[in-house]
Amino acid sequence: MHGRPRKAPTPEEQEAFSVKASKLRSLQSQFLQFHHAKIYTKEALDVSAKLLESNPEYYTAWNYRKLAVQHNLNLPEVDNNEESVKSILDEELRLVENALKRNFKSYGAWHHRKWVLSKGHSSTDKELLLLGKFQKADSRNFHAWNYRRFVTTLKNIPNEKELEYTTNMIYDNFSNYSAWHNRSVLLSHLLKEKAKGYSPKDNVFTEEYEFVRHALFTDPDDQSGWFYHLWLLDQTVKLETLLVSSWPPHGSYLSLSVDGSFGDCSLSPFTSLQTNTRTLPLILYFSEAVENICSSTVVIECENIASNELVWRSLSGDGAGSAQAWLTYLNFPEEHAHSEKAYQVKVSLVCSQGNFSSTGVHHGDSSHIEFSVSVPPRRSEHVDLKNEGKISWSDESFCSHDTQFLESVLVNLFHLERTKIDETVVDYQWNITTINNEISHCRELLSTMNCKIGKLTLARLLMAHDTLMSNAGTSLRNVSHHAEVLQLYDDLKKMDPAHLHYYQDEYSIVLLKQIISNQELLLKHCRKYRDPSFPRINNFCMRLNNLSLSRIGSMEQLLWVQVLDLSHNQLKTLEGLEVMQLLSCLNVSYNKLCSFTALEPLKLLRSLKALDISYNEIGAHSIDTRRYLCSSPLNHRSGGDWKTEESEMHCAEVAGYWEAYAIFKDLNLIQLDVIGNAVSDKKIKSLLIKLLPSLKWLDGESCR
């Protein structure tokens, strides 16, 4: 436990264990007989007490004690007899105390003591004294700290007094992680209540940064203070403005191509969108997960569109709950199908008590985005996508854009990004000053020693600084520490190989931020398809291949992307791509996808036509511990979209391939590549052809 190597028991210890196990088995056998027969006599209670005092982790015995207490409290001779009731409950408290002496980290024992006290017949006077004994034995025991919060609530002890106690415990031992955690809980309550002396919060946090700094500089390798520092950092960068991105962007003018083609290949992805229907996806992306996005919190003003009839869904995979990205569809009527029609759309976020972020912060003042949509008449010659040739992802198939055109498009992107923030005015001066101060102190510390958690904190501080600066105003947006942060994560991968995968994930997120937030770098990754005769290929292709990415990030800035190449990376999941509702062509070949369940986010992409998942590791692992949950008849996360009759219809054919069935059954792919995976055989290919009636190309060969 906690990095301590296990030692093989000596023969004497092994014999003692065997004797103890034999006694426990005998007690357990007697106890289960009483339990199954629902016997709650004194003899039965004595047996369960002996069992729990020997093995406090036996949850069934604790549950039996609860049943026994309830039974005995309901006896006629006990009912309304306060002395008898107190006697029964005091016996339970005595048993818990004995069990905790055996193991003071027993979940069952602490929970049982809470349950007894919640009955309201026991005195809480001795509880803090008991806690004092346990916290003296182990001041970091989080069970005792959790129980302390429960007791202080029952006794109505002020948070200010408990904060003083916590401060003394930290002074006694600043390595006390549980005390630091308790401090964050108490301060959260005091700040929320705006208690006297704890407002404004800027002054409180300034003092807290100084307080924790003493611990960090005393022993930089102790992680307790660093975790508290991370909590302070989170409070410092918490933004009031939650809406950060949308599709279509604010101020854009979008032209739909309802015949399925792009037509003029000179159009940018911000002015043209191909669709086979008169439907436009509307995406709202927030800085953190929010809930209760619906017609009462989001009002759409547009001719012939009823806002109260629109259905919003979260793009988190389960179709409900809270999410950063929310989606609805705007359906433009057929009555103007023979003439071009321009629609003005206004989307207003209504300030509502029900619109919360995952951290409980309300959305700011009412804000809105506006854009225009032009729906042209249908062409008489409809483009038949099924007769189209296969797409090639080779380097030779792509070429550079005209620099002048590309720069004009990307300038438009960065301009639109600046206008995404709502109208709430937020003063970031204290936040930026505080983060700059902490960066200076962290650099000072690292100049004297090579501390890995110090480097990690510096990386987080620099990214927090960039986030605050990007929201502070246009004049500050070109300041970036991405290169330094990437170097820090490179150093950490060498210093701490045990956490290599975590550092690589963080490195990937920062690298994507660096590319997408810098116009010059983004230019290098934007290509166009050489063959202009492909109607489903927009001329604007984002190629993020060969970057060693292990995780996807910055999705809020990629909502406009329709063709994406993520090949030759280290991705194990496609989590995050579900928000890219315009995506029509995706290449994730030569990655580390281990199962079809890693493709779960793609189920939500209606526009996806071409998918390359070749040369991954799908089917190579008999037990894939990294797999992502996939909707199935046995999984409630399917959202009720699994049709039983379909499952029975394909039962024989999908045997062994239900994951593939669950992923591909709702897709409308024209081109698919699965070659190079362990699972790629004739049976799976046959299943895919039947599942995808629109499929024309499979592994580069015609399948119809």
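Structure notes:
- Derived scalar couplings ³J(HN,Hα) [the range 194-199; Karplus, 6.51 cos²θ - 1.76 cosθ + 1.60; whole Hz; x for Gly, Pro]: 6, 5, 4, x, 10, 8
- Prolate/oblate/rounded label for the range 429-495 (Cα gyration tensor, a/c 1.5): oblate
- Whole-number Å³ per residue for the convex hull built on Cα positions in the range 20-197: 127
- Positive-end ranking of Asn63, Leu131, Thr166 along the dipole of the range 20-197, with charges on Cβ about the Cα centre, is headed by Thr166.
- Counted by Cβ distance under 13 Å from Tyr171, the other residues give a net charge of -1, where Lys and Arg count +1 and Asp and Glu count -1.
- Listed by chain and number, the lysines whose alpha-carbon sits under 19 Å from that of Lys42, ignoring those within fewer than 8 places in the same chain, are Lys50, Lys66, Lys86.
- Average accessible area per residue (Å²) across the range 20-197 - probe 1.4 Å, nucleic acids and ligands excluded: 55
- Phi-based couplings in Hz for the range 222-237 (Karplus 6.51, -1.76, 1.60; Gly and Pro marked x): 7, 7, 4, x, 5, 5, 5, 4, 5, 5, 4, 4, 4, 5, 6, 9
- Size of electric dipole in the range 534-618: Cβ of Lys, Arg +1 and of Asp, Glu -1, about Cα centre, debye, nearest 20: 140
- Across the range 107-257, counting alpha-carbon atoms alone, Rg and Dmax equal 20.8, 75 Å.
- Contact order relative to length of the range 429-495, as percent, for alpha carbon pairs under 8 angstrom and 6 or more apart: 33
- Under a model in which nothing but the beta-carbon of Lys, Arg (+1) and Asp, Glu (-1) is charged, the range 149-245 shows a dipole of about 480 debye around its Cα centre.
- Cleavage-rule hits (trypsin sites (Lys or Arg not before Pro)) in the range 64-134: DSSP loop, at most 12 neighbouring Cβ within 10 angstrom: Lys126
- The range 20-197 - percent of accessible surface contributed by carbon and sulfur, probe 1.4 Å: 51
- Sequentially through the range 494-506, phi angles give Karplus couplings (6.51, -1.76, 1.60; θ = phi - 60°) of 7, 6, 9, x, 5, 10, 4, 5, 5, 5, 5, 4, 5 Hz, Gly and Pro residues having no value and appearing as x.
The values are calculated or read from the model by the stated rules, or taken from the named source; none is laboratory data. Since this is a predicted model, take the numbers as computed values, not measurements. Here the Cβ is made from the backbone with ideal geometry for all residues, glycine too, and neighbour counts use every protein chain on show. Ligands, DNA and RNA are stripped out before the accessible areas are found, and what is left, the full protein with its side chains, is counted by its heavy atoms. Shrake-Rupley method; radii C 1.70, N 1.55, O 1.52, S 1.80 Å.
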